[in-house]
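Report on one structure; see the data block that follows.
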Amino acid sequence: MSEPETPDATDTPTVAVFRPDDERLETAATLLTDLGADPVPDPMLAVEATGATPRTDADYVVFTSKTGAELVSEAGWEPGDQTVCSIGPATADALREEGYAVDLVPEEFTSSGLVAALADRVAGARVEVARSDHGSAVLLDGLEDAGAYVHETTLYRLVRPEGSGESAALAADGELDAACFTSSLTVDHFLEAAAERGVRDAALEGLADATVGVIGEPTAETAAERGIDVDIVPDEATFDALARETVAAVRRGRE
């Protein structure tokens, strides 16, 4: 079997990635490198734990991130007979690694996918949503519309780390080929970092010439509201799919 060809340096796109400044950022950068891209790891999110745990009287407990799974374990959460729901496989894997059973993962790994999976089950039920302070209203509103009594517990706050914004400077200089936004908050934090550096307008112009990929329609809507044209919204709401489709789109644009 022949060895895979090493991408030519001129075919190596520079791709910004926005993840929390932990192993997720490192893993994302490694994936982009494996795809033949030059990653720009720019940590637009930092986690501040609240120490809270999900309430114990809920019929359903919903988790929307790996971070939430890890924090409730650290805080000593012990579920009773609640139905534990995960927004997607990565969160489900994190919950299982912490020793929790996962009862439901929707076919579509988004807030709307979770609502669709639970809509026929939760009328009159108590549903606990355990997540960050920047969760989408889609999940809460959808569950309430399905007849559930919804309570939200904030497990952690998401803030922008000091020193972030390298990608904004590159975009402003026209040196960014693509950007992978993983949430609405990464969009807002990118623009905040650009504004701090005095390059917000130039960074927006740079993104207009780049390939912009996002996870999920809520992120796409936020980007559009902020004046950012979105090129890629993968059907599968995972960073793996986002990275692969964004890098492929950059290469198609060079053909």
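The values are calculated or read from the model by the stated rules, or taken from the named source; none is laboratory data. Predicted model, so just to flag it, every value in this text is computed and none were measured. Cβ placement follows ideal geometry from the backbone for every residue including glycine, while neighbour counts extend to all protein chains displayed. Protein only, heavy atoms only, side chains kept; ligands, DNA and RNA dropped before computing areas. Shrake-Rupley method; radii C 1.70, N 1.55, O 1.52, S 1.80 Å.
For a quick protection proxy, order the peptides 119-131, 47-59 by their average other-Cβ count within 10 Å, most packed first.
Order by mean packing, descending: 119-131, 47-59.
Taking amide H atoms as placed 1.01 Å from N in the peptide plane, list the residues 5 or more away in sequence, or in a different chain, whose amide H sits under 5 Å from that of Ala148.
Gly124
Solvent-accessible area per residue for the range 99-252 at a 1.4 Å probe radius, Å²? Intermediate results must be reported in sequence, preceding the final value.
Values: 6950 Å² over 154 residues.
Using a 1.4 Å probe on heavy atoms only, each residue of the range 99-252 averages 45 Å².
Whose amide H sits under 5 Å from the amide H of Thr83, counting only residues 5 or more places off or on another chain, with H placed in the peptide plane?
Here Tyr60, Val61 satisfy the definition.
Can you pull the Kirkwood radius for the chain, inverse mean 1/r over Cα pairs, to one decimal in Å?
Numbers: mean 1/r = 0.0524 Å⁻¹.
Taking the inverse mean of 1/r over all distinct Cα pairs, the chain comes out at 19.1 Å.
In the range 79-111, what GluC sites (Glu not before Pro) fall in a loop by DSSP, with at most 13 other Cβ atoms inside 10 Å? The partial results should precede the final answer.
Details: sites: Glu97, Glu98, Glu107, Glu108; in loops: Glu98, Glu107, Glu108.
When the GluC sites (Glu not before Pro) of the range 79-111 are filtered for loop state and at most 13 Cβ neighbours within 10 Å, Glu107 remain.
Please give the contour-minus-distance gain from Tyr149 to Thr27: 0.36 nm per residue of separation, less the Cα-Cα distance, rounded to one decimal in nm. Intermediate values should be presented prior to the final figure.
Working: separation 122, 0.36 × 122 = 43.92 nm, distance 3.73 nm.
Taking Tyr149 through Thr27 to full extension adds about 40.2 nm, to one decimal.
Rank Gly216, Gly80, Gly142 by mean-square fluctuation in a GNM of the chain with C-alpha springs under 10 angstrom and give only the top-ranked residue.
Of Gly216, Gly80, Gly142, the most mobile in the Gaussian network model is Gly80.
Order 65-72, 188-195, 158-165 from most to least packed using the mean count of other Cβ atoms within 10 Å.
On the way: 65-72: 23.8, 188-195: 21.0, 158-165: 16.6.
Per-residue Cβ counts within 10 Å, averaged per peptide and sorted highest first, yield 65-72, 188-195, 158-165.
Would you mind pulling out the separation of the Cα centroids of the range 172-190 and the range 195-253, in Å?
6 Å
Out of the range 208-255, which trypsin sites (Lys or Arg not before Pro) are coil in DSSP terms and have no more than 15 other C-beta atoms within 10 Å?
Working: sites: Arg226, Arg244, Arg251, Arg252, Arg254; in loops: Arg226.
Within the range 208-255, the qualifying trypsin sites (Lys or Arg not before Pro) (loop, at most 15 other Cβ atoms within 10 Å) are Arg226.
Can you tell me which of Phe181, Phe109, Phe18 moves the most in a GNM of the chain? Springs connect C-alpha atoms under 10 Å apart.
Most flexible of the set in this elastic network: Phe109.
Can you give me the % of accessible surface on the chain that is carbon or sulfur? Probe 1.4 Å, all protein chains present, nothing else counted. Each step should come with its number before you reach the end.
Numbers: 5190 of 12180 Å².
On the chain, the fraction of accessible area on carbon and sulfur atoms equals 43 percent.
Just for the chain, what percent of DSSP beta bridges are antiparallel, to the closest 5? Intermediate results must be reported in sequence, preceding the final value.
On the way: 4 of 33 bridges.
So the antiparallel bridges amount to about 10 percent of the total.
What share of all Cα pairs of the range 1-134, in percent, falls into each consecutive 10 Å distance bin?
Cα pair-distance distribution for the range 1-134, in percent: 11, 33, 28, 16, 9, 2.
Just from its helices, what would the mean residue ellipticity at 222 nm be for the chain, if runs of 4 or more DSSP H residues each count -39500 (n - 2.57) and the sum is divided by every residue, rounded to the nearest 500 deg cm²/dmol?
On the way: 10 runs with 101 residues, N = 255.
Taking each H run of at least 4 residues, the total per residue is -11500 deg cm²/dmol.
Between Asp235 and Ala119, what is the label-to-label distance in nm when each label sits 7 Å out along the Cα-to-Cβ direction?
It works out to 2.0 nm between the two label points.
Name the long-range amide H neighbours of Ala49: under 5 Å, sequence gap of 5 or more, or other chain; modelled H, no Pro or chain starts.
Arg157
Gaussian network model of the chain, Cα springs within a sub-10 Å range: biggest mean-square fluctuation belongs to which of Asp141, Asp34, Asp240?
So, out of Asp141, Asp34, Asp240, the one fluctuating most is Asp34.
Residue by residue, what Karplus-based ³J(HN,Hα) values in Hz, rounded to whole numbers, does the range 161-177 have, using 6.51, -1.76 and 1.60 with θ = phi - 60° and x for Gly and Pro?
Result, ordered by residue: x, 5, x, 6, x, 4, 5, 5, 5, 5, 4, 4, 8, x, 10, 10, 8 Hz.
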